[in-house]
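Asker: This is the structure I have questions about; it appears just below.
The values are calculated or read from the model by the stated rules, or taken from the named source; none is laboratory data. Note that the structure is predicted; figures quoted are calculated from it, not measured. Cβ placement follows ideal geometry from the backbone for every residue including glycine, while neighbour counts extend to all protein chains displayed.
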Amino acid sequence: MDEHVIRTYLRADEVFVEGEGCILRDASGREWLDFLGGIAVSALGHGHPRLVAELRDQAGRLLHTSNLYRHPYTERVAGLLAELSGMQAVFFTNSGAEAVECALKLARKYHESRGDGGRDGFVAVEGGFHGRTMGALSVTSGRKYREPFEPLLPGVTFVPRGDQDALRAALETRPAALILEPIQGEGGIYEHGAAYLRAAREACDATGTLLVHDEVQCGTGRTGRFLCGDHAGIRPDVVTLAKPLAAGLPMGATLVREGLEDTLRPGDHGSTFAGGPFVTRAALVLLEELRDGLLDAVATRGAQLREGLLRLEETHPVIQEVRGIGLIQGLRLERAKELQQLCYDNGLIVNCTAGDVVRFLPPYVVSAAEVDRALDIVGHALAQLR
């Protein structure tokens, strides 16, 4: 098995062959309730009827043109992203890491174009994860990700989570940008909180530093607001999106506020595959669904999931903390990996992040009954754990 695949993943033995909504099936016909969603990707679940119909239609029409030519969906998707996010303009990418690379390049070019080219460093937060390409990896703090590939991009300062004084001091060095995840996904569903996000915005304004919110995992509606920063009333200068954006197809986006849309000029940046008609048509389906009521459903089901996890915390002392907003939730406990495996054995797919957090990232179309069923499985697994 995987004889000719470079083994960078520890895969489960099961072979998944089909899905419907929040259900995944393996080759033997066994079913799992999918509360990982391809790691926050499958926002519309599996086999979503409208998505399937539109992609079948598009596959028979046009798959690729390159960005040298226009197709019907570029501006429609960009316009919807601007409407939902409050940002001004979009650069399309193929992934979250590429969206972060674009943000870092844009930040340096912004200062250079203003005659302040010495502002080429970056500040990032410990526990953050921004991708595995060299630039994105350089602003990712985890030693296990960084050490095999050093030396990385120089001039990156990491500040402790939650330490506003350290953050202000780091920004006094006049970096190009501060990059942070409003909720750290790989960092254990760690919420920075509104006070910290507001302090970061104020410190960036005071020092002329661009504020980049990496919302690859916590954005695009995952928290019940289109952008996670909206909960704190924060508008960053740049936002990176990806994971659920094309509902299962590889797509990312770098969004910029008004005034930054002309920073990158023709020839400064590009991507062969990004923003093609196939993936943008999928993104159009997701964005229209979010605009037309799905965003409210995420908030409702997210509240249901959180309330259920809090009830489990009351009855199972092994749980140390419930974390998250909307449909990005986590249970922190020392035996998180054991709980993840017990859930899997009982038919619920979740995963373990940061070593001690069981992470829940169900599709946005999850039903109330499916949330209850997932909570029942978690409760049963906790009883087995005890």
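Matching residues to (1) hydroxyl-bearing (S, T, Y); (2) over 21 Å from C102 (Cβ atoms); (3) assigned by TED's automatic domain parsing to the domain that holds A354:
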residue: Q184; (1), (2), (3): no, no, no
residue: G193; (1), (2), (3): no, yes, no
residue: L197; (1), (2), (3): no, yes, no
residue: A206; (1), (2), (3): no, yes, no
residue: T209; (1), (2), (3): yes, no, no
residue: H213; (1), (2), (3): no, no, no
residue: D230; (1), (2), (3): no, yes, no
residue: A246; (1), (2), (3): no, no, no
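Asker: Among residues belonging to segment 79-115 that are more than 19 Å from H269 (Cα to Cα) and without any contact (Cβ under 8 Å) to a residue 40 or more places away in the chain, point out the one that is surrounded by the fewest Cβ atoms within 10 Å (Cβ to Cβ).
Answerer: Selected residue: G115.
Asker: Taking segment 347-374 as the search range and keeping residues that are in contact (Cβ under 8 Å) with a residue 40 or more places away in the chain and part of a strand (DSSP E or B), which one is surrounded by the most Cβ atoms within 10 Å (Cβ to Cβ)?
Answerer: Checking each candidate, the answer is F360.
Asker: Being within 23 Å of G19 (Cβ to Cβ) and either β-branched (V, I, T) or in contact (Cβ under 8 Å) with a residue 40 or more places away in the chain (or both) is the filter here, so list the residues in segment 328-342 that pass it.
Answerer: I328, Q329, L342
Asker: Among the residues of segment 258-283, write down those that are in contact with an Asp or Glu (Cβ under 8 Å, 6 or more places away or on another chain) and either buried (at least 21 other Cβ atoms within 10 Å of the Cβ) or closer than 24 Å to A247 by Cβ (or both).
Answerer: S271, A274, R281, A282
Asker: May I pose another question? I need the full set of residues from segment 64-90 which are basic (K, R) and part of a loop (DSSP other than H, G, I, E, B), in order please.
Answerer: R70
Asker: With the checklist (1) assigned to a loop (DSSP other than H, G, I, E, B); (2) touching a strand residue (DSSP E or B) at 6+ places or on another chain (Cβ under 8 Å); (3) free of Cβ contacts under 8 Å to residues at least 40 places away in the same chain in hand, flag the one item T173 doesn't pass.
Answerer: Tallying (1) assigned to a loop (DSSP other than H, G, I, E, B); (2) touching a strand residue (DSSP E or B) at 6+ places or on another chain (Cβ under 8 Å); (3) free of Cβ contacts under 8 Å to residues at least 40 places away in the same chain, T173 fails exactly one: (3).
Asker: Would you mind stating whether A59 is out of contact with any Cys (no Cβ under 6 Å at 6 or more places or on another chain) and not assigned by TED's automatic domain parsing to the domain that holds P244?
Answerer: no
Asker: Further question: Return yes when T254 is of a type in the set (S, T, Y), under 16 Å from S85 (Cβ atoms) and in the same structural domain as C218 (by TED's automatic domain parsing) and no when it is not.
Answerer: Yes: the conditions hold for T254.
Asker: Residues that are part of a helix (DSSP H, G or I) and surrounded by 22 or more Cβ atoms within 10 Å (Cβ to Cβ): does segment 13-36 have at least one?
Answerer: no
Asker: Would you check if F158 is buried (at least 18 other Cβ atoms within 10 Å of the Cβ) and not acidic (D, E)?
Answerer: Judged against the criteria, F158 is not a match.
Asker: Of the residues V216, V285, V212, V279, only one is closer than 13 Å to E181 by Cβ, not in a loop (DSSP other than H, G, I, E, B) and not small (G, A, S); which?
Answerer: Going through V216, V285, V212, V279 in turn, just one is closer than 13 Å to E181 by Cβ, not in a loop (DSSP other than H, G, I, E, B) and not small (G, A, S): V212.
Asker: Hey, among D26, D13, D57, D34, which residue is over 30 Å from F129 (Cβ atoms) and either within 21 Å of the chain's Cα centre (by Cα) or of a type outside the set (S, T, Y) (or both)?
Answerer: Unique residue meeting the criteria: D57.
Asker: Can you pull out every residue in segment 104-151 that is within 19 Å of A200 (Cα to Cα) and part of a loop (DSSP other than H, G, I, E, B)?
Answerer: If the condition is that a residue be within 19 Å of A200 (Cα to Cα) and part of a loop (DSSP other than H, G, I, E, B), then R119, D120, G121, E126, G127, G128, F129, H130, V139, T140, S141 are the ones that fit.
Asker: Right, next: Being of a type outside the set (V, I, T), under 24 Å from H46 (Cβ atoms), within 13 Å of the chain's Cα centre (by Cα) and surrounded by fewer than 19 Cβ atoms within 10 Å (Cβ to Cβ) narrows it down to one of P250, P244, so name that one.
Answerer: Every option except P250 fails the conditions.
Asker: Of all residues in segment 284-307 being of a type in the set (G, A, S) and surrounded by fewer than 19 Cβ atoms within 10 Å (Cβ to Cβ), which is farthest from A99 (Cα to Cα)?
Answerer: A303
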